[in-house]
1. Would it be correct to say that Asp599 is of a type outside the set (Gly, Ala, Ser) and without any contact (Cβ under 8 Å) to a residue 12 or more places away in the chain?
2. How about the range 1-19: which of its residues are at pLDDT 95 or above, open to solvent by 30 Å² or more (accessible area, probe 1.4 Å) and in contact with a helix residue (DSSP H, G or I) (Cβ under 9 Å, 6 or more places away or on another chain)?
3. Go through the residues of the range 336-353 one by one and say whether even a single one is in contact with a strand residue (DSSP E or B) (Cβ under 6 Å, 6 or more places away or on another chain) and within 15 Å of ligand 1 (Cβ to nearest atom).
4. Select, from Arg367, Arg377, the only residue that is at pLDDT below 95 and either part of a loop (DSSP other than H, G, I, E, B) or outside the structural domain of Ala137 (by TED's automatic domain parsing) (or both).
5. From the list Pro396, Pro407, which residue is surrounded by fewer than 23 Cβ atoms within 10 Å (Cβ to Cβ), touching a strand residue (DSSP E or B) at 6+ places or on another chain (Cβ under 8 Å), in a loop (DSSP other than H, G, I, E, B) and assigned by TED's automatic domain parsing to the domain that holds Gly450?
6. Those residues that are of a type outside the set (A, V, I, L, M, F, W, C), away from ligand 2 (no atom under 13 Å from the Cβ) and in contact (Cβ under 8 Å) with a residue 60 or more places away in the chain, I need them from the range 365-407; list them, please.
7. Where the second residue is in a loop (DSSP other than H, G, I, E, B) and the first is free of Cβ contacts under 8 Å to residues at least 40 places away in the same chain and lies in the range 430-455, which pairs have Cβ atoms under 7 Å and are six or more apart or on separate chains?
8. Please go through the range 547-574 and give me each residue that is out of contact with any Leu (no Cβ under 7 Å at 6 or more places or on another chain) and not in a helix (DSSP H, G or I), ordered by number.
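The values are calculated or read from the model by the stated rules, or taken from the named source; none is laboratory data. Since the model is a prediction, treat every value here as computed from it, not as a measurement. Every residue, glycine among them, receives a Cβ derived from its backbone with ideal geometry; neighbour counts consider all protein chains shown. Surface accessibility is based on the protein's heavy atoms, side chains included, excluding ligands, DNA and RNA. Shrake-Rupley method; radii C 1.70, N 1.55, O 1.52, S 1.80 Å.
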Amino acid sequence: MNYKEFYTQSIQEPERFWAEQSRAISWYKEPNNILSKGQNDYPLWFADGELNACYLALDKHIVDGFGHQTALIYDSPVTQTVKYFTYNEVKSEVARLAGGLLALGLKTGDTAVIYMPMIPQAAFAMLACARIGVTHAVVFGGFAPHELAIRIDDCKPKAIITASSGIEIDRLIAYKPLVDEAIVLAQHKPKKVVVFNRKLGARVPFKKYDVDYDALVYGSEEAPCVALCSTHPLYVLHTSGTTGKPKGIARDTGGYATALKFSMQYIYGVQPGEIFWAASDVGWVVGHSFIVYGPLINRNTTVIFEGKPIRTPDASTFWRVISEHRVNVMFTAPTAIRAIKKEDPNGDFIKQYDLSCLRTQFLAGERCDVATLDWYREHIPIPAIDHWWQTESGWPMISNMIGVEAPKIKPGSVGKSVCGFNIKIFGEDGTELKAGEEGYVVIQLPLPPGTLLDLWQEHERFKADYLNQFPGYYFSGDGGWIDEDGFVYITGRVDDVINVAGHRLSTAEMEEIVASHHSVAECAVIGVNDELKGQTPLALVVMKSGETIEHFQLEQEVVQLVRKQIGAVAAMRDVVIVQRLPKTRSGKILRKLLRTIADGKSFQVPSTIDDEAIIDEIKAVLQAHKVAAFK
Ligand code: COA
Ligand code: AMP
């Protein structure tokens, strides 16, 4: 097939193109209304179709005679466990868990929060919700109770599904007490908390609302899949925005299932029956799309990996998993490869494993530097494909589509527009820029199926964040440029969102927390370049006058505050004290200028700055503090 023709069809005749793709999945009622308009003319896909995502992920394959195929491999170096689950086994557990949730009073249209480590039960919980039309909201386990509480209040779940504990390398993290604390903090009180007891460490005290996961599963009848409207929200997944409050990305069912099936075949080039491993977490969009729903809908074997690229037990783990489970296509974040490269620069571990099964390596979640890509290609001579997408899109927007044609890799580029995504680069005033010119990455509406349906209960914010800036286009929040051949280069976020070790975080939220410290008058949090994590947050703090707190103590307290409120995953470690912050004459903090100074890049002094002398003051402080660019 020819990429250019296939892509052009998708842009010129989107309805025909996606109607055809939608036939690759099974519907209870096939859609006639392919593309319609929802609120504010925003596109809706397959609005009159009916289906069930859990049916597509499990039951369908059993009906087709593949019940004995391995659906899921649980590989947990932190508990030294490997377990295999067939499609029959997963379906049986998921259907009974769904029956249990119904017995607890959950029904189609309700919501449930899932707060789980990387164990199979996390995927089972998601699928059980999907089976009965309960919209799930998975919260990443690295978030603290305060963050969990914000999401509980946003989604108002009838139940939370959790586990007794998770393991971070060699550290037991008791999840259940974190859930209890979040319930105390939240205004909304879920009726039930279903707890999967991992029987690790001490037993946690039982609360009145607790229900034992195993007892619920084994004491319940299997529930059938319910037929749901295509636009039924399969899930809400919160992501960081430019304010302190995370955004709940709402995802539909029919468009998403169509897009995932399409992605597995045409982007990742994976055939049903093959082994696909996305080394991410169910708490992120990668986990939703390419650990759980995508590979299962495509009848692949998916891997749930409870470990890290290094230290579980060493930098050989990824290669062991690939070789032991005969992984065909893998997905990870560049930061994971950087971590491995640091520990094993000569690739000695790689040589110890038979990786002949591995065909393609996909990378995403943050910018992939060319040195990391080169290192990978030097040691593993297969296509290593950087590709670009977001929680909002739900599936890749720019990539090589290796199921369509052989990859063409230009290091530094994330590839070309994927079918359905009409990507353009705009200047500030909304005019389209020419090849080679850097600007805002936007996508012409309608977005293809599977992309965000709305922001959960926040339609006005949805319009303000994505649609209003460039009418008729979706604004991605990223900057970039396109070359003469159509290859896109992403230069980074143009807003206050940062990416720490592939984790998307809001500096605005961190600023709110830092500013709540009693010694702080005002502050700015920026992302600075980091060799391993891509970016790390740095807080520049102006103290209240008369404050005598030592720098070391302030740093400790601020770091603890951020850990307590957001979680360890924020990786806030650096706090510097400055006398003042650079501002415009109207009093706005010049964060972009701060970022440029901290990264040691050249810049033009903004004409709006109220006092130029401050630039040298800031440089001197960052130098004294040995911030990356000044080391
Ligand atoms: N539950 C509880 N705590 C968690 C957690 C979880 N699920 N995930 C991370 N944390 C904690 C870590 O224990 C660590 O705590 P610490 O500061 O007390 O040590 C902190 O959050 C930061 O974790 P992490 O970002 O994982 O950094 P690290 O230094 O432990 O490891 C890497 C560095 C590069 C190995 C790691 O970040 C990594 O594997 N990144 C890949 C991320 C990824 O796949 N992202 C998916 C996007 S596609
Ligand atoms: P998330 O919503 O957590 O997946 O984060 C999405 C953001 O991560 C994007 O808006 C980009 O800023 C960044 N990102 C994801 N993939 C890439 C990539 N391949 N190259 C550069 N940035 C990326």
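1. no
2. Within the range 1-19, Gln9, Ile11, Arg16 meet the criteria.
3. From the range 336-353, those in contact with a strand residue (DSSP E or B) (Cβ under 6 Å, 6 or more places away or on another chain) are none; that's our starting set.
No: the range 336-353 contains no residue that is in contact with a strand residue (DSSP E or B) (Cβ under 6 Å, 6 or more places away or on another chain) and within 15 Å of ligand 1 (Cβ to nearest atom).
4. Arg367
5. On the way: Pro396 fails: surrounded by fewer than 23 Cβ atoms within 10 Å (Cβ to Cβ).
Answer to the selection: Pro407.
6. Let us first name the residues in the range 365-407 that are of a type outside the set (A, V, I, L, M, F, W, C), namely 365-367, 369, 372, 374, 376-379, 381, 383, 386-387, 390-394, 396, 399-400, 403, 405, 407.
Filter once more, keeping what is away from ligand 2 (no atom under 13 Å from the Cβ): 374, 376-379, 381, 383, 403, 405, 407.
Selection gives Gly403, Glu405.
7. Listed by first residue and then by second, the contacts come to Val442/Phe470; Gln444/Asn422; Gln444/Gly472.
8. Let us first name the residues in the range 547-574 that are out of contact with any Leu (no Cβ under 7 Å at 6 or more places or on another chain), namely 547-569, 571-573.
Within the range 547-574, Glu547, Thr548, Ile549, Glu550, Ile566, Gly567, Ala571, Met572, Arg573 meet the criteria.
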